Amino acid sequence: MEDTNQLIEQRRANLAALAEAGIDPFANKFTPSETCGAAKANYEEERLVAVAGRLVSKREMGKTIFAHIKDTSGSIQLFIRKNDVGEEAFKIFKGLDLADFVGANGALFTTKTGEISVKVTDYVVLAKSLRPPPDKWHGLADQELRYRQRYLDLIANDKVRDTFLKRSTIIREIRNFLNERGYVEVETPIMQAIPGGAAARPFVTHHNTFGRDFFMRIALELYLKRLLVGGIDRVFEIGRNFRNEGISRRHNPEFTMLEAYEAYGDYETMMELLQSMICHVSEKVLGTMVIEQKDEEGNVTKTIDLTPDWRRAKYKDLVREKAGNDWFELTTEQRRARATEELKIEVDPEEADFEVTNAVFEKLIEPTLIQPTFVTHLPKELVPLAKLSPEDPDCVEVFECCINGQEIAPAYTEQNNPIEQRERLEQQAGGEQQKLDEDFLVALEHGMPPAGGIGIGIDRLCIMLLGQESIRDVILFPQLKPREE
RNA sequence: GCCUCGGUAGCUCAAUGGUAGAGCAGUUGACUCUUAAUCAAUUGGUUGGGGGUUCGAGUCCCUCCCGGGGUACCA
């Protein structure tokens, strides 16, 4: 970046002054004895510590300086006196800028106002910051800057940092939970010749040596099922999917998906798995099963209670509740009329009956399912990769788990009949000339054990657990339009 | 893609069509227990870009760029 201003010039001048004084402003190494947070947590008067971090505040009091440095664990106050560090070192500390990195040696003590601090005996400049940090009090509010320069957001806004540290522990606890149950974690191809497992437009990329296009995966499903065929009976992957669609508060073109498959299980198995997993994660990460979403003033705007057992509701019952008890007895024309006139939703004249019904579900019902709800008995037309329900052949053995008004996870009793599977996929491909994944169908013909499978949108799960409102607030670097030079 | 709101100093924000401002940060000085330290002085602007209306535009109009919200696409 070419842009310079007074503040940057000043910092460059301060950098030059350090060099002038014979100090390397970018040290190679400093080894802290512990983190800032640990130094405070294990307080013992006079205990010697070495701490390092970014300089986040500095108050000069004549021959004394109070300053805070901050690392991942938190911050600690440094107490620097001219008498303790010597005239030259004192002068140089005075010349440090906010956001510089510093390592300090000294003894722990408590100030008169009761704050645990380090009485510095000597310190090292670890890295000079050549650009001014965001406002120390107001933080960084400009959303575009927060996303484009997330590191500034993390520096300036503790809540944001906390959210992303928690996201990391959520994923760790999911892994722990699945490992505990004997699941094997695998990695499958991201670049695929035929993108399958979902109906979404893929991103296209190109392989030079093969001289042909590849697609970024839109789902993990078909490869994980090949592994069920291969004898890995409990298998999961946490990875990125890519869908070439619009961007919104709920959609990022690349997003993180967990898919898990369990041989000899069915959708009921996955129901228990999901409920136990989310309760485990919530307890471990948040210490509670009651999630509160707060507005900027800290008022609770939404409460989600994850305490088991979660509600179960049949798809058709929910639709009848919203659209009328006679909904499924209506003629196609009557149904369409009611949807547009009474329910005020847009309906494409080309849409089939089940699509009109599903529009009612997605637009009017799903957003109201704030508390965890397993929606079951979905119509078979909606789900080509699941098995039919023996008790009701119009339905599939599937649930969609909705929490916070969003679909968090669909789960199936997976289709393992290769002949039916081929028919369903051929129907689905229909006129679109979409290629069938023959290799997958061949795999099924070798025999896949009956299995339950589930897909969990990790980003949406994080939105829910962490009380956020937008997917951009749980993805470190959400997709934005590139800035043209 | 469409609708709508927004973009002013490094950051957070003001400014009826009439001299572009404040707080923080920065700079200089004072202060050996401060913590949004305090006190005094002070620097800093192509008002997102381009065009237009006007005696005069941050403000009105057109256009482009970027972002927020909504909507569409998304088994």
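The values are calculated or read from the model by the stated rules, or taken from the named source; none is laboratory data. Computed from a predicted structure; not experimentally measured. Backbone-built Cβ (ideal geometry, glycine too); neighbour counts: all protein chains shown.
Looking at region A:127-157 only, could you name the residues that are within 22 Å of A:G103 (Cβ to Cβ), under 25 Å from the mean Cα position of the chain (by Cα) and surrounded by fewer than 15 Cβ atoms within 10 Å (Cβ to Cβ)? The one that is within 22 Å of A:G103 (Cβ to Cβ), under 25 Å from the mean Cα position of the chain (by Cα) and surrounded by fewer than 15 Cβ atoms within 10 Å (Cβ to Cβ): A:Y151.
Here's the yes/no breakdown for (1) in a helix (DSSP H, G or I); (2) assigned by TED's automatic domain parsing to the domain that holds A:F215; (3) on the phi < 0 side of the Ramachandran plot; (4) not aliphatic (A, V, I, L, M):
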site	(1), (2), (3), (4)
A:K159	yes, yes, yes, yes
A:F164	yes, yes, yes, yes
A:T169	yes, yes, yes, yes
A:P189	no, yes, yes, yes
A:I194	no, yes, yes, no
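For beta carbons closer than 8 Å, sequence separation of 6+ or different chains, a first residue in region A:16-41 that is under 14 Å from A:G103 (Cα atoms) and a second that is basic (K, R), the qualifying pairs are A:P25/A:K128; A:F26/A:K128; A:C36/A:K70.
Restricting attention to region A:289-297, does a residue exist that is closer than 18 Å to A:E469 by Cα, assigned to a strand (DSSP E or B) and within 16 Å of RNA strand B (Cβ to nearest atom)? Before you say what the answer is, go through the steps one by one.
Initial filter on region A:289-297 (closer than 18 Å to A:E469 by Cα): A:290-297.
After this cut, where a residue has to be assigned to a strand (DSSP E or B) as well, the list is A:290-294.
Now drop any that are not within 16 Å of RNA strand B (Cβ to nearest atom), which leaves A:293.
The answer is yes; a qualifying residue exists.
Among (1) within 32 Å of the chain's Cα centre (by Cα); (2) among the basic types (K, R); (3) at pLDDT below 95, where does A:K284 come up short? Just one mismatch for A:K284, condition (3). Of the residues making up region A:449-479, those that are assigned to a loop (DSSP other than H, G, I, E, B) and crowded, with 23+ Cβ neighbours inside 10 Å number 1.
Being under 20 Å from A:T357 (Cα atoms) and either surrounded by fewer than 18 Cβ atoms within 10 Å (Cβ to Cβ) or small (G, A, S) (or both) is the filter here, so list the residues in region A:389-405 that pass it. A:S389, A:D392, A:P393, A:D394, A:G405, listed by residue number.
Inspect region A:201-222 for any residue being assigned by TED's automatic domain parsing to the domain that holds A:A411 and in a helix (DSSP H, G or I) and give the result as yes or no.
The first filter runs over region A:201-222 and keeps only residues assigned by TED's automatic domain parsing to the domain that holds A:A411, leaving A:201-222.
Remaining after also requiring in a helix (DSSP H, G or I): A:221-222.
Yes, region A:201-222 contains at least one residue that is assigned by TED's automatic domain parsing to the domain that holds A:A411 and in a helix (DSSP H, G or I).
Of everything in region A:51-96 that's near RNA strand B (Cβ under 9 Å from one of its atoms) and basic (K, R), which residue is nearest to A:A21 (Cα to Cα)? In this case the residue turns out to be A:K94. Close contacts from region A:330-356, counting a first residue that is within 14 Å of RNA strand B (Cβ to nearest atom) and a second that is acidic (D, E), with Cβ to Cβ under 6 Å and a gap of 6+ residues or different chains, come to A:F354/A:E381. Within region A:102-126, no residue satisfies the criterion of being surrounded by fewer than 15 Cβ atoms within 10 Å (Cβ to Cβ), in contact (Cβ under 8 Å) with a residue 60 or more places away in the chain and farther than 20 Å from A:E44 by Cβ.
Return the residues of region A:261-288 that are part of a loop (DSSP other than H, G, I, E, B) and closer than 27 Å to A:V235 by Cα; say none if nothing qualifies. If the condition is that a residue be part of a loop (DSSP other than H, G, I, E, B) and closer than 27 Å to A:V235 by Cα, then A:Y264, A:G265, A:D266 are the ones that fit. Taken over region A:243-258, residues that are of a type outside the set (K, R) and assigned to a loop (DSSP other than H, G, I, E, B) amount to 8.
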